[in-house]
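Shown next, in structure tokens, is the structure this report addresses.
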Amino acid sequence: MPTSRAVFDEEMRELQQQLMLMGTMVDTAIGRAIDCLQRLDTPEARSLIADDAAINHKRAEIEEKVVQVIALQQPLASDLRFLLAILHNVVDLERIGDHAEGIGKIVVLHAGRPLVKPLVDIPRMATKAREMLRGSLEAFAKRDVEASRQIADDDDVVDALHDQVYHELLLYMLRDPATIERATYLIWVSHNLERIADRATNICEQTVYLVTGKMQEINTSRY
Amino acid sequence: MIMTTTAQKVEAEKVEKDIILDIQELSVYYGKFRAVNGVSIPVERHKVVSLIGPSGCGKSTLLRSLNRMNDLIPTARVEGKVLFQGEDLYAPGADPIDIRFRVGMVFQKPNPFPKSIYDNVAFGPRINGFKGKLDDLVEESLRQAALWDEVKDRLKDSAYALSGGQQQRLCIARTLAVRPELILMDEPCSALDPIATLAIEDLIHQLQEQYTIVIVTHNMQQAGRVSDYTAFMNMDADRAGYLVEYDATQQIFTNPQDKRTEDYISGRFG
């Protein structure tokens, strides 16, 4: 028969796996969001919006399990910090899912009208934000503080791209007021991606907390 | 530039913190067996300190050495110092009887005397030659131990008629009746149910306003709930108990600095 500690360790391993699974769900959602934006694929956007429910459900499932483990195992020290970090991380992942869903909603609002400009920096932002997301979860799994700090630094790259997209779209709007609505949509998309990078940074902060016991902001976003 | 040594800094901190009990490099031997090895713990006035650690690591031995209860074991001897209010409890001429009045002890199992509730509480003051109003002292002690309302109508009943939790509070009242300055508790709740345990824990919080408490407990949650500071002890290969880490309870249970503490409190052994 496994010892109590072995059962507890197994429960925590399972939670770690569930967190990674949720990360994959969210990462896929961002990819789909950018794809359907590029193709202005409204049906796919609607399906993406509907699928956000699965991400929300996964968050509730993980939270419920964490509450159960805290109540039954009464964890302390790094075990407790791990469970608290999981609770924080599922909130950030769920919100990242909402940002992807938000991009889907913008595609629906766009209603098939052509994009105001070809997408260059927005896909770059998405790629960088997804790299940060995957990296932050991997660093959490490996309890790698150094990697977490480096990933958090990348938030500046996404912020700079957001700046660029924003100013570029302002110029479009100034030149041709007929683009204002569609240009604003793209600013929202860019903002959603910028927020995704911020939330990946939050996950990095949880890794630092898990390992060191210290809560600290490791990169302050300009937005 | 004024140079201060580490020892001077430690001393200055102790003054600032109002250290009532200063355990310095204390080792306790039973014959040739060293049960406690070089433990140093400063205890602040009006604070609760928990001693935690695996069975046999010397927690109770350490606790008993704080009011010279180990003197009752013929082969026991100590090295190091226990400064209580600045005076070494083991200095030649220190009176163990006087020390036990000033440093009270509550044991694991409630151990009331086969006497009435009243006489249990009055016992210490009587042999101590108490001159005041004994009734008042008994009432006050029982009130401080949060037992008065439950027993005020039956003070002449045998203490054995009380429940386990009440008996333990009676033992606490008996300890308080001699007005100690420091109270030692050796797993005071291990024989009690959760409700009686909570009553004792609430009591510890109240007593803290007037007393300083050192408590041995095997219950991590209890240490977390009642104490300001926690000392984690472990034992060597030769079974001598030593101090691993002493810090604010909050620090010990959320982010201990020593891996051995972390492994112990989170139940990772071997």
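The values are calculated or read from the model by the stated rules, or taken from the named source; none is laboratory data. All figures in this text were calculated on a predicted structure; none of them were measured in a lab. Backbone-built Cβ (ideal geometry, glycine too); neighbour counts: all protein chains shown. Each accessible area value is taken on the protein alone, full model and side chains, heavy atoms only, with ligands, DNA and RNA left out. Shrake-Rupley method; radii C 1.70, N 1.55, O 1.52, S 1.80 Å.
Please find the FRET efficiency linking A:GLU217 to B:PHE123, where r is the Cβ-Cβ separation and R0 is fixed at 51 Å, and quote it to the nearest 0.05. That pair, A:GLU217 with B:PHE123, gives E of 0.25. Ligands, DNA and RNA are left out, and with a 1.4 angstrom probe the accessible area of chain B is 47 Å² per residue. Kindly express, to the nearest 10 degrees and within the range 0 to 90, the angle between helix A:4-39's C-alpha long axis and the longest C-alpha principal axis of chain A. Around 10 degrees separate the two axes.
Partners of A:LYS105 within straight-line reach, counting lysines whose Cα lies under 20 Å from its Cα and excluding those fewer than 8 residues away in the same chain: A:LYS117.
The portion of the accessible surface of region A:1-124 made up by carbon and sulfur, rounded to a whole percent, is 59 (1.4 Å probe; DNA, RNA and ligands excluded). Farthest towards the positive end of the charge dipole of region A:8-78, among the residues A:ILE49, A:GLY23, A:ILE70, is the Cα of A:ILE49, using unit charges on the Cβ of Lys, Arg, Asp and Glu. Computed from Cα atoms, the angle from the helix A:155-175 axis to the main principal axis of chain A rounds to 20 degrees. Divided by 2.2 N^0.38 Å, where N counts the residues, the Cα radius of gyration of region B:19-265 comes to 1.00.
Only helical DSSP H runs with n ≥ 4 go in: add -39500 (n - 2.57) per run for chain A, normalise by residue count and round the 222 nm mean residue ellipticity to 500 deg cm²/dmol. When only DSSP H runs of four or more count, the value is -30000 deg cm²/dmol. Working note: Karplus 6.51/-1.76/1.60 with θ = phi - 60° gives region B:237-254 the couplings 4, 8, 6, 7, x, 9, 7, 8, 7, 9, 7, 4, 3, 4, 5, 4, 8, 10 Hz, where Gly and Pro are set to x.
For B:ARG100, the accessible area of its heavy atoms, probed at 1.4 Å with every protein chain present, is near 60 square angstrom. When the residues A:ARG32, A:ARG81 are ordered by accessible surface, computed with a 1.4 Å probe over the protein chains alone, the sequence from largest down reads A:ARG32, A:ARG81.
Measuring nothing but protein heavy atoms, the accessible surface of chain B at 1.4 Å probe radius is 52 percent carbon and sulfur. Over the protein assembly as shown, the fraction of Cα-Cα pairs per 20 Å bin, rounded to whole percents and listed from the shortest bin up, is 20, 36, 25, 16, 4, 0. Using just its DSSP H runs of length 4 or more, each adding -39500 (n - 2.57), chain B gives a mean residue ellipticity at 222 nm of -10500 deg cm²/dmol after division by all residues.
Once the Cβ-Cβ distance of B:ALA191 and A:ASN56 is raised to the sixth power relative to R0 = 56 Å, the FRET efficiency obtained is 0.70. Under a model in which nothing but the beta-carbon of Lys, Arg (+1) and Asp, Glu (-1) is charged, the protein assembly as shown shows a dipole of about 1020 debye around its Cα centre. Around the Cα centre of region A:110-223, unit charges on the Cβ atoms of Lys, Arg, Asp and Glu (plus for the first two, minus for the last two) sum to a dipole of about 340 debye. Taken across both chains, chains A and B shield about 900 Å² of accessible surface from a 1.4 Å probe. Under a 5 Å amide H cut-off, with hydrogens placed 1.01 Å from N, B:VAL216 pairs with B:LEU51, B:MET185, B:ASP186, B:GLU187 among residues at least 5 apart or on other chains. Per residue, the convex hull spanned by the alpha carbons of region A:4-212 comes to 96 Å³. Could you tell me which of the pairs B:LYS109/B:LYS259; B:LYS59/B:LYS109; B:LYS133/B:LYS156; A:LYS58/A:LYS128; B:LYS32/B:LYS81 are separated by over 21 angstrom between their Cα atoms in the structure shown? Pairs exceeding the cut-off: B:LYS109/B:LYS259; A:LYS58/A:LYS128. Distances between placed amide hydrogens fall under 5 Å for B:ALA35 paired with B:VAL28, B:TYR29, B:TYR30, all partners being 5 or more residues away or on another chain. Measuring between their Cα centroids, region B:46-92 and region A:45-63 lie 59 Å from each other. Taking only Cα atoms, what is the 0 to 90° angle, nearest 10, from helix A:77-110's long axis to the longest principal axis of chain A? The two axes meet at around 20 degrees.
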